[in-house]
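The values are calculated or read from the model by the stated rules, or taken from the named source; none is laboratory data. Since the structure is predicted, the reported quantities are computational estimates derived from the model, not experimental observations. In this analysis, Cβ positions are derived from the backbone assuming ideal geometry, glycine residues included, and neighbour counts consider all displayed protein chains. Remember, those area values only see protein heavy atoms, side chains included, never the ligands or the DNA or RNA. Shrake-Rupley method; radii C 1.70, N 1.55, O 1.52, S 1.80 Å.
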Amino acid sequence: MSRARLTLARRLVDGLAATGHYLWGGWGSLASLCLFFALWEFTAQRLGSLILPTPGEAFATLAGLFASGEAWPEIAITARRALLGYVLALSLGSLLGLLAGLSVTASVMARPIVTLLVGTPPIAWLILALLWFGAGDGTPVFTVFIACFPIIFVGAMQGTRTLDGQLQAVAQMFGLPGWMKLTDVYLPHVVSYLFPGWITALGTAWKVVVMAELLATSDGVGAALAVTRSHLDTAASMAWIVALVGSLLAIEYLLLEPIKRKVESWRNFA
Amino acid sequence: MSLNIHHLAHRFGYQRVLEDIDLHVAPGEAVALVGPSGCGKTTLLNLAAGLLSPWEGRVECSFRRPAMMFQQPRLLPWKRTRDNIALGLKAAGQPRAARHATATALARRMGLTEDDLDKYPSALSGGMQSRAALARALAVQPDLLLLDEAFSALDIGLKSELYRLLAEERDNRHCAVLMITHDLMEAIRLADRILVMAGSPGRIVAEHRVDSPLGERDESWVFTRTAEFIRWPDIRAAFALPEYP
């Protein structure tokens, strides 16, 4: 009991340490971020706050939105829709992609359909979704799903297609049972193809959900952006954009990257 | 327990790679296949291992635990060396602690340190990777060991060390060996029987027995025998060497 708890605590500490270590390695990124804010400040001062508010103004407005309790519910709604569509695309795309990769015929057949899906702009899907699902959660969730699905599908399919025949021979020779082939040979390889797809799709989900909300719903960050636009409230627009990008960065760098580094630790020694 | 190959022929597409192969490996026997590059040796070994199905003929293997050491080490890059060595044991359902103990003991004998065992294969040198690959094959206590030019990329010091380990293993547990090599010295040092293959399509053209026990085959004996061997007309023909003056 206590030993189990100890292992859990140890794992937690290890996880936190990994995240901290990763952030500590981010001084270079921090410097480039500061440069970006300096450029923003400079441009804002030249153009005036109606066209582009300064970072200070944007963050102050954002702080105001949080303080008044206006921000959290909208962000939660948007995150719910984005994550729902994303998780659907992630599970279905990964599964179908892996299966399609197992057969040459399926991969060849899937290729033009994937090209079609990738080529169709999300805004076109949005129009269709509006017709099918109306104004509600269905529209943004579907649009996110359909925008993310092909990205993840292609990654998963490439993962199985590029499996090393030599390692498969090793698996056969040493009589690995089916589940072991999956966990010890296929998955570790496939994951290195899946992760980039997952991360790209997450960014796409965040962008697409706002676009869908802007046109289709009356709540969420996208709808809030529509309101600030109609009020010509540039500072609030920037504040919402900052909130959006901030939440995306938080998920990507605090959650996905540490997982990726843990799963792919064997690469670091190459 | 034996490996019997009858009347085997194989082709890739329309290209005939092997023709009319008959081969027998008895328990505890070491058979070497020597021949020029591209004569179908590896294909024959893959057929014997059951990794390929023959086009014609029969492959009957009644050995219970065959294991193979491939031409490249082929370790799983995402597993630490210890887990790589224990791969076959894990497949056989051995619990973690037991298989790690076996792997560690075996790796020690191969000259791998505790530190090496915690590393991923990419952090090991080529020689270390080969030792780990041999350890992985020996870990399952095979009764037939298939070697596909397993030592061809190693320096002579490491080669003789691995030869010694292999000889030890055969002494202890009488495992049969079917090995491919283009190195005549290696064949003469390790094998009881040497089969000479010639190419396009691959076939067995000659057979020679080496009767001296393994323990008596010292360096100078191997050199002398190799020098004799290379003068024989069937060997010279198989490797496309000019006739011996």
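Other chains' Cβ within 10 Å of A:160-171 residues: what's the mean?
Across the residues of A:160-171, the mean count of other-chain Cβ atoms within 10 Å is 3.
Taking only the Cα atoms of segment A:1-54, how large is their convex hull per residue, in Å³?
Per-residue hull volume (Cα only) is 83 Å³.
Residues of segment B:46-91 with accessible area at least 30 Å² lower in the all-protein-chain context than alone (1.4 Å probe)?
Output list: B:L51, B:F70, B:R74, B:L76, B:P77, B:W78, B:L87, B:K90, B:A91.
Quick check: the distance between the Cα centres of segment B:76-112 and segment A:230-254, to the nearest angstrom?
Taking the Cα centre of each part, segment B:76-112 and segment A:230-254 sit 51 Å apart.
When you count, for each residue, the other Cβ atoms within 10 Å and take the mean per peptide, how do B:226-233, B:133-140, B:120-127 rank with the highest first?
B:133-140, B:120-127, B:226-233
Are there residues in segment A:173-206 whose accessible area shrinks by at least 30 Å² when all protein chains are included rather than the chain by itself, and which are they (probe 1.4 Å, ligands and nucleic acids not counted)?
A:M173, A:F174, A:M180, A:D184
Quick one: Cα convex hull volume of segment A:23-174, Å³ per residue?
Output value, Cα hull per residue: 223 Å³.
With point charges of +1 on the Cβ of Lys and Arg and -1 on the Cβ of Asp and Glu, referenced to the Cα centre of the protein assembly as shown, which listed residue (A:L83, B:A105, B:S37) lies farthest in the positive direction of the dipole?
Farthest towards the positive pole: A:L83.
Find the accessible area per residue for segment B:76-141; the probe is 1.4 Å, ligands and nucleic acids are left out, and the unit is Å².
Here the residues of segment B:76-141 average 37 Å² of exposed surface.
Kirkwood hydrodynamic radius, computed over distinct alpha-carbon pairs, for chain A: how many Å, to one decimal?
Here the Kirkwood hydrodynamic radius works out to 21.4 Å.
At a 1.4 Å probe radius, carbon and sulfur cover how many percent of the accessible area of the protein assembly as shown?
The nonpolar share, carbon plus sulfur, comes to 63 percent.
Give me the accessible area buried between chains B and A, both sides summed, with a 1.4 Å probe, in Å² rounded to the nearest 100.
Rounded to the nearest hundred, the buried surface is 2000 Å².
Where the Cα atoms of segment B:76-141 are projected onto their three principal axes, how long is each span, largest first, in whole Å?
Here the Cα extents, ordered largest to smallest, are 30, 24, 18 Å.
Kindly flag which residue pairs out of A:K207/A:K262; A:K181/B:K41; A:K262/B:K79; A:K181/B:K79; A:K181/B:K90; A:K260/B:K90 have an alpha-carbon separation exceeding 22 Å in this structure.
A:K207/A:K262; A:K181/B:K41; A:K260/B:K90
Please list, ordered by chain and number, the residues whose modelled amide H lies under 5 Å from the amide H of B:L33; skip anything fewer than 5 residues away on the same chain.
Counting only residues 5 or more places away or on other chains, the set is B:M179, B:I180, B:T181, B:L195.
In Å, what is the Rg of the alpha-carbon atoms in the protein assembly as shown, and how long is Dmax?
31.8, 101
Considering only A:A201, A:L167, A:A110, whose Cα is most displaced toward the positive end of the charge dipole of chain A, charges sitting on Cβ of Lys, Arg (+1) and Asp, Glu (-1)?
Going by the charge dipole, the pick is A:L167.
Determine the principal axes of the Cα atoms in chain B, then give the extent along each, sorted from largest to smallest and rounded to whole angstroms.
Largest to smallest, the principal-axis extents are 56, 42, 32 Å.
Report, in whole Å, the centroid distance computed from the Cα atoms of segment B:157-177 and segment A:114-151.
Here the two parts' Cα centres lie 63 Å apart.
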